[in-house]
Amino acid sequence: MMPGLQSGRRRVRESGRLLPFRCGELPYEMPSLDILPGERLVRVGSRSGYAVGTWGVEPFDSDTALDFLDGLGALTVAGRLELVVRTLESVLASARPESSETLPEEVISAAAVIAANLPSGEGFSWNEEAPGITEWLRKPVPLQVRTLAIDALEATLPVDGWWWRSWVDDAERVQAKAALDEVKRALLEG
């Protein structure tokens, strides 16, 4: 388990304030849910029988993203880069990236990890979700890895794709796009 993340605990963002909760406190048996009354949960869905949720617009604001970070946190520096690259390549190897086994949140997380390890991405607020993330990859991060991340993001998240349509709130969709644009900018600048 990665330091800073607690098993069985997640956070929801309500009125800009993060609130701790235990997974059992939310109706996780529900296969799909748009917005929880009283919570600022963007969407909850189901994959392979496990409920996953998104509670914000930043790259690590979902259960899937935090699970991905947990997996990376347990690896060596070389192992992290290998998993990040494998995640990004799996999307590009698919004839239809949107139907890939790799979830968009995993691709976004992989790209955000790369960006966090670049001088232009060290100061992102979402880096706080994973203490030490700015030291997870060997420096300098190769240009081909940065390019791979941009290509995978574009393939996974086409402008008219389901991930963009799945946002319930237009303002949050705009904020999510702005966060991804920041990740892409960092990947381009290095």
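The values are calculated or read from the model by the stated rules, or taken from the named source; none is laboratory data. A quick note: this is a predicted structure, and the numbers were derived from the prediction, not measured. Note: ideal-geometry Cβ built from the backbone for every residue, glycine included; neighbour counts use all protein chains shown. Just so you know, the surface numbers come from the protein's heavy atoms only, side chains and all, with ligands and any DNA or RNA stripped out. Shrake-Rupley method; radii C 1.70, N 1.55, O 1.52, S 1.80 Å.
Remark: S120 matches the filter, which requires a residue to be open to solvent by less than 60 Å² (accessible area, probe 1.4 Å), over 27 Å from G53 (Cβ atoms), of a type in the set (S, T, N, Q) and assigned to a helix (DSSP H, G or I).
Comparison of S100, S7 shows that the only residue that is open to solvent by 70 Å² or more (accessible area, probe 1.4 Å) and modelled with pLDDT under 90 is S7.
Out of curiosity, is W162 of a type in the set (A, V, I, L, M, F, W, C) and exposed (fewer than 14 other Cβ atoms within 10 Å of the Cβ)? In short, yes.
When L92 is tested against (1) modelled with pLDDT of 95 or more; (2) open to solvent by 50 Å² or more (accessible area, probe 1.4 Å); (3) of a type outside the set (G, A, S); (4) part of a helix (DSSP H, G or I), exactly one condition is not met: (1). If you go through region 117-140 and pick out every residue that is under 20 Å from L180 (Cα atoms) and free of Cβ contacts under 8 Å to residues at least 60 places away in the same chain, you end up with 6. Among the residues of region 148-172, the ones that are of a type outside the set (A, V, I, L, M, F, W, C), in a helix (DSSP H, G or I) and in contact (Cβ under 8 Å) with a residue 24 or more places away in the chain come to 3 in all.
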